[in-house]
Each structure stands twice: as structure tokens, then as C-alpha cells.
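Contents: one structure, followed by commentary.
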Amino acid sequence: MERKQAEYINLDERYAIQGEKYQGQQYSHIYYTRLHHMRNLLHALVPDWKPHLPVTTVLGLEEGKDCIIVGTLYKHMKLKPSVLDEYSKERSAIPLVKPHNFMHPDDHLILEDESGRVTLAGSIPPAAYVTGVVVAVHGKETSAGNFLVEDVLEAGLPPQTPLPSISNIFPILVRSFSISTICLLEDEDKYVVFVSGLSVGSDKFNPLQFQLLIDHITGHLGDENEQKIASNIVRVVVAGNSVHISPRFFNGQFIVPVLSSDLIFQTVPSKDQSRIAEPIKELDIMLTQLVASLPVDMMPGPNDPANFLLPQQPLHRCLFSGASTYNTFSSCSNPHQFELDSVRFIGTSGQNIDDLYKYSDAKDKLEFSERTLRWRHLAPTAPNSLGCYPYTDKDPFLIESCPHIYFIGNQDKYETRLLQGAEKQNVRLICIPRFCDTGVAVMSSSRL
Amino acid sequence: MASSGVKDFYRQKKKGGPAKASSSSKKKTQHYTGGASVGASNTAQTPALISHGTLDLKDDFSEQEEQLRQFDMNLKFGPCIGVTRLQRWERASAMGLHPPPHLRDLLLNTASAGSRNNNSPSLECLWEGKV
């Protein structure tokens, strides 16, 4: 039985930091490019939305006059942690133990462009928005100096190159001794398996579960039907948090081999040094089984040994001494963008959605993902509350063309929905649960 | 530099009306840049306290530098701190904002000219080293 193949194009060049040179710049540039790009888009959409109203800058507002302004939102949040809290004499409103969600009924939105800023009031709910989103608002300035909003225009889903049909998706549930996949298999379908939160090296990691998953994907399990399913899998995407290194190793000690007793640096004892590398070695061994059989994309996550700022750069090949010898192994950035037989995939390891969860409210994680698509920006809270590189001339998180499949890793549970846009865009939104907690990987098809 | 006389320190050129006003305001700023103690005499300008070791004397800057400063301050092209003027020009051009083309030539000529005295326009924005 032969495994199916698919044409793969990696689109991660926009996330590479290799060519960037840090000159000490701050984040004003990335906000400027974001505003400029989104404002051009919104200006093109305003005539279809409210054609008779003038578009003005914040400084050009006149009291009582109905108009439209375009700018970046800033949400003023009482409970947002600030580094200055540590130094304030009175520890009143802000508790030292940080809550999971920093929302407060007193939060309000401010719209800002190059000329100035104005507080927004009216029909724009602060709970649904975060700092960094660029929108157009229709309303008028009040005598109090606020801008009373009547209506809001978001950029909406970007244009999409159409595909003949929509995608099928189902979860693969891996329990300790069994695998169950509920699926309706079409003969010509090709499938991509998403898994995240493997957390090799943590207490929650169960090697048997991971081994079962690998055996299932590589076709070593089950009868002919099972193998048939497995032969339709063309790619595996590992969406972050593949290793877990115990926090007790991160206590600021220098890892320097002691060559002479004159060295005053403390060192990590040699038994601990090999202990740190163990989870990565174990992951490498298991990955090698996988890459021997089909292409694998490895994305870094918040707990992986990669840089902290988004976009996270691909994990280094030296970490995967076994798997990187195969040309089927690709180390990818986070966020990750690729095309498989002209089906466009975009996804992250979860940091963008988790940050939205801290600063805004929605009925489920999929709604956050939907909002990021409607705002045409993968991570609007970057750089405000999510670390990101201070680009000077571009904002790589802007979404120019609508993906067909949008995946978010390291979530609590498996969720999926088909989102339909105003211009017949179809996007499959997927939340990939943490494998160490749930034992669930996700298999998605794209009818080709 | 600390040994030069008062005349050198407070060098002024008699120019036309507006230029004179700006040069006198430059003189005010020079008065306060002389080190940690405000109002210190000319000899107190210790080298260690001057950023980048260059004098802040800019009352002699040229017409070209003035044009570049106007370019720096123009909000349309975005923030100026943290990028070189040429990078900012290229960025503005790539965004379709049509920055004045002669400024790019000016910056490229200055870059290739090599020798840089206080009179030639700077490649960095006007706040560089001061903020």
C-alpha cells in the first residue's frame, strides 16, 4: 500500500528574522505600518458601507458632526498587569496573584491615529475588542469630548482563492490501549494530522499514547482498513509545546563546565546538564520514526527551546540529530503558513488566542479565531501584551489572503467550525487540544 | 575642546531673521548641555558626559539638513526615531507615500561622501543620540 503525496509549498519567509537588524528601535514603527496598511483597506471598504459620510482624522473632529474615523484601538484596562505595580506604595486594586482574565467593567476603548486619540463610547463593546485592532467607526463627537459610536466597520475576511469544495475533519482519539477515529472516508481525500502539546518530559506525558499515535499514522497498527486511512495521511504538523523542560532548571545559573577552581560562576551539575536535554532526545527518537514514513512540520511553542518573541523562529536542526537527517523533516516558524496542493493553511501554537482570552471575552476559542480573521491580523495584541519583534517596515502578522484551514494549537479541547465569509470565503477553524491532557490529535482533509 | 575659549563655544553667525531666532534658541540649549551642573562654565564640559562625543552645536546646519528635518517631522511618513533617514525614505516609498525624491539623492550623496563635518546633513534622524 502506498502513501499518497501532496505538493507542499512553505510560506514562512515572512516570519524569518534572519535578515532583520535591530537598531534599538521601539514598537511605534510596527503600529504605524499596521495602521497604514489597514487604513488603506478600510478606506476602500467605507464607500460600500456608508457612502455619504466624510472620513476625517481624529484631530479634524467637529462636535456634533456625523463622520467616520479610522484608527488603532487601545483598550484601557484597570487590571492589566503593569511592571510599575511592583513599585507602587499602595497595593489597592490590583491583587498580586494575577487573575486569568484581566477584564473589568470599567474598561474603555480609545481610538488613536497619527494626529491624536479620542475616547470611544456607545455601541462598541470593550469586551469584544483588544488593543491593536484597526477599525473604522461611525459616530459623532460629544460635548464631553468623547466620540459616541453608532456603528463599527471591521476589515472582514480577506479575499480567498476558491477551492472546489469544503473540508472534512474529524478527531483521532488515542486512549491508552485503543485508537478510535470516527470518519467518513472518501477515496480521493488526502489528510493532514495536527497534534500539539506533546510535552515530552513532563509528568503528564504518556509515551504509550504517543507511540500509539505514531504507529497509527505510520500504518503499523490495525487491519487493512486502518492502514488505508493511514495511507491517505500526507503530512503531520506538530503545533508547539513538544517538550517540557522542568522549571527547576531555569534558576539563572550559568551552564559552564568547570575547568578550574578559579571560576566563580555557579554551574549546573553535570548530571543535571544531561537531564535538561533528555526530553528533546526522547522527542527526537520518536520523531525519527515518524519522519521515516511521511513529512513532518515541527513548530515551536511557548514551552519549547525557541525564542520568546513572536514570530518564533524554527527550532534548530542540532536539537533533532536523528530526525533532521531525513529530508521529510521541516522545522517551521510559529506562526506557520503553508500550501498543500493549493489549499492554504495558517496556524499558530496558541499564544495569539490565549492572549486574546486574557484580554477579551467570547463564547469559545473559535470565536477568538474568527475575530482574528475578521480583523485580518493573527495577533493584534502583539506587541502590547504579547511579545513580538520590533519590525520597522512591515507587520508580518497581517493576513492578506484568507486561509482555507486555520489551526490553533495547545487549546483545552477539540473544537471546529466552518466559517463563511461575505464573499463566499470558506475557512475551517480548528482548535487542537493538548495531546498530553486529552490524547486527541486532529485529522483534517481538504477535498482535492 | 574644553580648552577653547568662550567665543568658540557660543559661536554665532549673523543670519537673516528666522535663522537668527533659531540660532539664539540653539544657544539656549547649548547653555544647558554643558554637563551635570546647569549653568556651569565652559570648562566644565567633561567629555564623559557628552553623548557620542560630538558637540551639540547645530546653529550652523545647512538648508539641506533643514529639509531633512522637515522630512523627519512629517507625520505622514511615520515615526522617525529608531530608523535611519534612508530606511525611512525607502519605507515611505514602498508604502506608496511619494516622499520627495531629491531627499533620497541627498542622503545617498552624503553617505558616499565619506568626510563628515558638522555642516553636512546627517544620515540619522534629528533625535538620534539625544533621546
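Here are the numbers for this structure:
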| item | result |
| --- | --- |
| From the options A:LEU386, A:LEU373, A:LEU366, A:LEU356, residue that is assigned to a loop (DSSP other than H, G, I, E, B) and either more than 14 Å from A:ARG14 (Cα to Cα) or in contact with a helix residue (DSSP H, G or I) (Cβ under 8 Å, 6 or more places away or on another chain) (or both) | A:LEU386 |
| Total residues in the stretch A:305-330, condition closer than 22 Å to A:ASP395 by Cα and either touching a residue at least 60 places away in the same chain (Cβ under 8 Å) or polar (S, T, N, Q) (or both) | 8 |
| Residue in the stretch A:425-439 that is surrounded by fewer than 22 Cβ atoms within 10 Å (Cβ to Cβ) and free of Cβ contacts under 8 Å to residues at least 24 places away in the same chain present | no |
| Boolean, A:VAL135 is of a type outside the set (Lys, Arg), on the phi < 0 side of the Ramachandran plot and at pLDDT 95 or above | yes |
| Residue list for the stretch A:26-68, filter: in the same structural domain as A:GLY145 (by TED's automatic domain parsing) and touching a Gly at 6+ places or on another chain (Cβ under 7 Å) | A:VAL58, A:LEU59 |
| Filter result (farther than 17 Å from A:TYR406 by Cβ and among the acidic types (Asp, Glu)) within the stretch A:416-448 | A:ASP437 |
| Scope the stretch A:292-330; condition within 22 Å of A:GLU2 (Cα to Cα) and among the charged types (D, E, K, R); matching residues | A:ASP297 |
| Condition check for A:HIS36: over 30 Å from A:ASP189 (Cβ atoms), away from chain B (no Cβ under 14 Å) and either touching a Phe, Trp or Tyr at 6+ places or on another chain (Cβ under 6 Å) or modelled with pLDDT of 90 or more (or both) | no |
| Residue match in the stretch A:338-351 (condition: in a helix (DSSP H, G or I) and either within 11 Å of the chain's Cα centre (by Cα) or buried (at least 23 other Cβ atoms within 10 Å of the Cβ) (or both)) | yes |
| Qualifying residues in the stretch A:117-153 (those that are in contact with a helix residue (DSSP H, G or I) (Cβ under 6 Å, 6 or more places away or on another chain) and surrounded by 18 or more Cβ atoms within 10 Å (Cβ to Cβ)) - the one farthest from the other protein chains (Cβ to nearest Cβ) | A:VAL130 |
| Within the stretch A:4-36, tally of residues that are among the hydrophobic types (A, V, I, L, M, F, W, C) and under 30 Å from A:ALA230 (Cβ atoms) | 3 |
| Cβ-Cβ under 6 Å pairs, at least 6 apart or on other chains, the stretch A:389-409 side within 14 Å of chain B (Cβ to nearest Cβ), far side of a type in the set (Phe, Trp, Tyr) and assigned to a loop (DSSP other than H, G, I, E, B) | A:PRO390/A:TYR27 |
| Elements of type helices (runs of 4 or more DSSP H) contained in the stretch B:46-113, each with 3 or more residues being modelled with pLDDT of 90 or more and either within 14 Å of chain A (Cβ to nearest Cβ) or closer than 22 Å to A:GLU20 by Cβ (or both) | B:85-94 |
| Any hit, the stretch A:311-331, residues being of a type in the set (D, E, K, R) and under 24 Å from A:THR161 (Cα atoms) | no |
| Residue check for A:MET298: over 20 Å from A:TYR406 (Cβ atoms) and either in contact (Cβ under 8 Å) with a residue 60 or more places away in the chain or in a helix (DSSP H, G or I) (or both) | no |
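The values are calculated or read from the model by the stated rules, or taken from the named source; none is laboratory data. If you're wondering where the values come from, they're calculated on a predicted model, not measured in any experiment. Glycine also receives a Cβ, built like all others from the backbone with ideal geometry; neighbour counts cover every protein chain displayed.
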